[in-house]
Structures are given as C-alpha cells and as structure tokens.
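Trainee: Sharing a structure, written as structure tokens. Questions coming.
The values are calculated or read from the model by the stated rules, or taken from the named source; none is laboratory data. Please read these numbers as outputs of a predicted model, since none were measured by experiment. Don't worry about glycine lacking a Cβ; one is built from the backbone with ideal geometry, like all the others, and counts go over all protein chains shown.
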Amino acid sequence: MSIFFQSFRKFSSFELKILLCFLLPPLGIFLLLITGLHTISKQWKENKRFVFSLSSFFFLCLFISTIGAAISMNEISYLSISVMILGYWGLYLKILETEKNQLFQHFRLIMIFGGVYCCVIGWISKWYTFPPAIGYLTGTVLFGQSDLKDYNRFIGCGYNPNFTVYILLIAISFILAYLLASLRNNRFVSLVWHLPIILLLSYGVVQTGSRAGFASMILIFLIFILRLNRTIFIMSTIFSLSLSKWLLHLMPRNESVIQSIQVRHDIWKSGYKIWQDHAFFGVTPIGFGKEYLKHYNEFIPHAHNMLIGMFAEYGALGGLALLFLICLNIVKYIHLFFPKRNKKCLLDSFLLGLPIIILTGVFDEPLFSPQLGLLTVILLACWDRYTKRMHFAMVFPSISRIKYWIYLHVKAPKNQT
C-alpha cells in the first residue's frame with residue numbers, strides 16, 4: 001500500500017492533468033485538450049510527419065466528418081467538435097511519441113484512485129448538497145439538472161451515473177489486474193487492500209443504477225477468472241448461468257428492464273434515421289440532440305449506443321473508421337489473450353480494461369462525455385504503444401506465407417533472368 005502512495009509523488013505534470021479529470025473535471029478536460037492542441041500545432045509548425053496508425057486514421061476521419069457536417073448544415077458551432085477531435089488526436093500523438101511505459105503504470109493508479117474518489121465524493125454529495133457552482137466544478141451534479149432532491153441514482157464525479165459507472169469499471173479492471181499478479185506470485189498479503197477496494201467499487205457500480213454497468217461488471221469478473229484459471233472459469237460460468245435469475249434480481253432497477261430496452265430501441269431507430277438523413281458526414285455530437293428534438297419533439301443528447309451514435313454523429317466516414325479500429329484491436333486482443341506465456345500485469349490491465357469500452361457502448365454512449373473520451377484516448381494510446389511491435393505477420397501468420405510464395409513463384413524467376 002505504501003508503494004501505491006509513493007507512486008503519486010512521482011507524477012509528471014501531464015499525469016497531474018489526468019488526475020484533475022476527477023478532482024476538478026472542467027479544469028482537467030481543458031488542460032488535456034490544450035495539451036493535445038499544442039502537440040498538433042507544434043508538429044504542424046515543425047513539419048513533423050505524423051505517426052501513421054489506424055487510430056490516427058480514425059481521428060482524421062472524425063475531423064473531416066465534423067468539418068463536412070459544419071459546412072453541409074451551415075452550423076459554425078459544429079467546428080468546436082473539430083477542435084475537440086484535434087485535441088484528442090494531439091493527446092494520442094503525444095503519448096505515442098513522447099511518453100514512456102511508465103505513463104500507463106501511473107495511469108492505472110490514477111484510474112483506481114479516480115474510482116475510489118468517485119465513490120467517496122458521490123456519497124458525500126448524497127449527504128450534503130453542494131452549491132450548483134461547486135457541483136459543476138466537481139462533477140457531482142447531473143449535467144443539465146440542478147434539482148436532485150428526487151434523484152436516487154449515484155452520480156459520482158462524472159456528471160451522469162452512466163458515465164460514472166464507466167470510470168468505476170475501468171478502476172475495477174485495473175485493480176483486478178493487480179490482484180491477478182498477486183495471486184500468481186503468492187503475495188496474499190496484498191489482498192488486504194485489493195479486496196476492500198474491489199468491494200467498494202463494485203458497490204459503487206450497483207449504486208449508479210446502471211444495468212449495463214452491472215452486466216459488464218459480471219463479465220469483467222468472468223474474464224478475470226479466465227485469466228486466472230480456465231477450469232475455475234468453466235465452473236464459474238456454469239454457476240453464474242444457474243444463478244442467472246438471482247443475478248437478474250440483484251441487477252439495479254431490474255423491475256424496468258423491458259421498458260428500458262423498448263425506450264433504447266426507439267432511440268436507436270431514431271438515431272438510425274438521423275444517420276440516413278446525413279449519411280456521409282453525420283450531425284456531430286452537438287447536432288444529434290438538435291436533430292432529435294427537431295424531428296421527434298424530445299431532447300435526447302446522444303444515441304445510447306456507441307456504434308449507432310458514431311454513424312449518426314460522424315456519418316459513414318467516422319462509423320466505418322470505428323469498425324475498422326474495433327476489428328483490428330479485437331485481432332490484437334485475441335492474439336495476446338490466449339497464450340499461456342502472456343501473464344504480465346500491464347497486459348492483464350489492458351485485457352480486462354479494453355472490453356469495457358465495447359460492453360458499456362452496447363446500451364449507452366459514455367464516450368459522448370469529453371471527460372471519458374480523453375481518458376479513453378489515453379488508454380488507447382497506451383495500448384497502441386504497448387502493441388506497436390506486434391507485426392501483422394505475427395497476427396496473421398498466413399500473410400507471411402503468402403508473401404513468401406509470391407516471392408518464390410513470381411519475383412525470384414524474374415531476378416534470375
């Protein structure tokens with residue numbers, strides 16, 4: 001535990017900005033975006049060649065989509081999203097080019113601290129109502145709603161329970177990675193602080209009232225058991241399936257599951273129609289709520305589904321770029337998941353943390369929040385940095401064999417002549 005707190009004293013200024021995303025979210029978001037924009041500006045002025053990756057291509061597609069949407073819909077305000085995307089992209093490039101692996105080690109500690117802080121500040125805000133200005137500064141107020149007397153769900157420091165649960169799940173995944181390392185190395189003393197934090201964060205997930213978050217937490221625990229022991233995983237899966245009705249009963253707000261699915265389905269259908277009307281560039285995150293209100297007389301800020309939201313907000317250009325990004329990372333993920341030799345704490349943190357992006361994105365769109373978007377960009381950049389030495393020949397062994405066959409039967413005879 002002392003090592004845990006000693007690491008905080010070694011944080012760089014960049015890592016302190018990440019920490020501010022929890023303590024004072026507006027300030028942390030602003031400083032990280034400025035850092036990203038400064039990186040982009042600096043590289044542009046120095047005529048540096050951008051590091052090409054599928055993630056960079058993804059950010060480029062989003063940037064082009066927002067410019068196209070602003071022009072096609074004659075909305076200058078949409079260009080603010082273009083600036084935000086440049087900030088994301090610059091942050092990604094900064095980490096990929098200048099930051100070392102130590103960043104991810106500290107990032108895991110920051111996320112765990114952020115999860116615990118979410119729980120503490122959220123429970124304090126239940127007992128004591130902060131003034132609106134303080135609530136917006138600390139993220140403890142439901143965004144767009146100042147009166148929370150009849151609101152029972154746990155908000156934390158993410159402005160929304162469905163956003164806060166994302167922070168808690170990432171924190172759970174990282175502490176589970178530490179727990180895996182301790183169990184493999186027979187360091188059972190560390191369980192004294194691992195288990196209480198896991199229980200605290202898990203209780204916070206239930207308190208948010210997020211059904212998707214609760215289901216995601218169960219799946220993350222199953223992935224943890226699979227990484228620990230495959231036999232125990234099979235037994236745990238069978239046991240979980242046998243207790244599925246009991247788990248459904250434990251799920252927060254389980255009495256309104258069917259109704260919630262119907263509401264989500266209606267939003268998804270409407271989001272799909274919005275994409276059909278603006279197929280190529282989309283309407284940007286700002287425009288989605290406006291278009292929804294215009295056509296359906298109700299303000300829904302986002303599509304509550306990551307894939308539909310991406311197509312509606314960034315068009316086919318951004319949606320297809322996201323699909324390519326997901327597919328490539330799934331291939332890398334599977335390649336690193338199953339070999340028995342890959343039992344490293346950093347890797348386990350990625351293998352447990354990355355699925356949360358997809359799992360929470362099925363029934364919600366947490367990355368709609370810039371606070372979570374920036375944290376996810378950092379996670380993605382650290383993952384790309386961690387896997388940058390993985391060649392496609394490693395991931396697709398058949399490709400190297402095909403290249404060798406072409407060399408023998410096509411190139412080699414020509415060289416001999």
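Trainee: Checking N254 against (1) modelled with pLDDT under 90; (2) surrounded by 20 or more Cβ atoms within 10 Å (Cβ to Cβ), which test does it fail?
Mentor: Exception for N254: condition (2).
Trainee: Can you tell me which residue is surrounded by the most Cβ atoms within 10 Å (Cβ to Cβ) among those in the range 71-130 that are in contact with a Phe, Trp or Tyr (Cβ under 9 Å, 6 or more places away or on another chain) and of a type in the set (K, R)?
Mentor: R108
Trainee: Name, by its number, the condition in (1) assigned to a helix (DSSP H, G or I); (2) over 30 Å from T387 (Cα atoms) that does not hold for E298.
Mentor: (1)
Trainee: Moving on to the next point. Report whether or not L351 is farther than 20 Å from I71 by Cα, crowded, with 19+ Cβ neighbours inside 10 Å, in contact (Cβ under 8 Å) with a residue 24 or more places away in the chain and hydrophobic (A, V, I, L, M, F, W, C). Spell out how you get there, then give the answer.
Mentor: Details: farther than 20 Å from I71 by Cα: yes; crowded, with 19+ Cβ neighbours inside 10 Å: yes; in contact (Cβ under 8 Å) with a residue 24 or more places away in the chain: yes; hydrophobic (A, V, I, L, M, F, W, C): yes.
Against the criterion (farther than 20 Å from I71 by Cα, crowded, with 19+ Cβ neighbours inside 10 Å, in contact (Cβ under 8 Å) with a residue 24 or more places away in the chain and hydrophobic (A, V, I, L, M, F, W, C)), L351 qualifies.
Trainee: May I ask you to say which residue of L328, L293, L320 is modelled with pLDDT of 95 or more, farther than 23 Å from T208 by Cβ and of a type outside the set (D, E)?
Mentor: On the way: L328 fails: modelled with pLDDT of 95 or more; L293 fails: modelled with pLDDT of 95 or more.
Matching residue, one of L328, L293, L320: L320.
Trainee: Can you give me the number of residues within the range 131-142 that are surrounded by fewer than 15 Cβ atoms within 10 Å (Cβ to Cβ) and touching a residue at least 12 places away in the same chain (Cβ under 8 Å)?
Mentor: Within the range 131-142, the first condition is being surrounded by fewer than 15 Cβ atoms within 10 Å (Cβ to Cβ), and the residues that meet it are 131-134.
Those still in the list that are touching a residue at least 12 places away in the same chain (Cβ under 8 Å) too: 132.
The qualifying residues number 1.
Trainee: Same structure, new question: Hand me the list of helices (runs of 4 or more DSSP H) wholly inside the range 358-417 holding 1 or more residues that are touching a Cys at 6+ places or on another chain (Cβ under 9 Å) and either at pLDDT 50 or above or surrounded by fewer than 11 Cβ atoms within 10 Å (Cβ to Cβ) (or both).
Mentor: So the answer is 370-386.
Trainee: Then there is this: I197: in contact (Cβ under 8 Å) with a residue 12 or more places away in the chain and part of a helix (DSSP H, G or I), yes or no? Quick ask: steps written out before the conclusion?
Mentor: On the way: in contact (Cβ under 8 Å) with a residue 12 or more places away in the chain: yes; part of a helix (DSSP H, G or I): yes.
Yes, satisfied.
Trainee: So in the range 213-260, with the set limited to residues that are outside any helix (DSSP H, G or I) and of a type outside the set (A, V, I, L, M), which one is nearest to the chain's Cα centre (by Cα)?
Mentor: Of the range 213-260, the ones outside any helix (DSSP H, G or I) are 229, 243, 251-253.
Cutting the leftovers down to of a type outside the set (A, V, I, L, M) gives us 229, 252-253.
On the way: N229: 26, P252: 22, R253: 24 Å.
Filtering first and then ranking leaves P252.
Trainee: Could you please let me know if K344 is surrounded by 17 or more Cβ atoms within 10 Å (Cβ to Cβ) and charged (D, E, K, R)?
Mentor: no
Trainee: Scan (1) at pLDDT 90 or above; (2) in contact with a Leu (Cβ under 7 Å, 6 or more places away or on another chain) for the single condition I134 breaks and write down its number.
Mentor: (2)
Trainee: Of all residues in the range 9-39, which are touching a Phe, Trp or Tyr at 6+ places or on another chain (Cβ under 8 Å) and either more than 19 Å from F163 (Cβ to Cβ) or free of Cβ contacts under 8 Å to residues at least 24 places away in the same chain (or both)?
Mentor: E15, T35, G36
Residue-by-condition table, conditions (1) surrounded by fewer than 16 Cβ atoms within 10 Å (Cβ to Cβ); (2) of a type outside the set (S, T, Y); (3) touching a Pro at 6+ places or on another chain (Cβ under 6 Å); (4) assigned to a helix (DSSP H, G or I):
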| residue | (1), (2), (3), (4) |
| --- | --- |
| G271 | no, yes, no, yes |
| W275 | no, yes, no, yes |
| A303 | no, yes, no, no |
| G309 | no, yes, no, yes |
| A312 | no, yes, no, yes |
| V331 | yes, yes, no, yes |
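Trainee: Please return the ranges of helices (runs of 4 or more DSSP H) entirely within the range 42-139 where 1 or more residues are farther than 19 Å from G318 by Cβ and among the β-branched types (V, I, T).
Mentor: On the way: elements: 54-72, 79-97, 102-127, 132-138.
Filter on the range 42-139 gives 79-97, 102-127, 132-138.
Trainee: Name the residue, out of S13, S2, S53, that is more than 26 Å from L322 (Cα to Cα), of a type outside the set (A, V, I, L, M) and at pLDDT below 85.
Mentor: Numbers: S13 fails: at pLDDT below 85; S53 fails: more than 26 Å from L322 (Cα to Cα).
After applying the criteria, what remains is S2.
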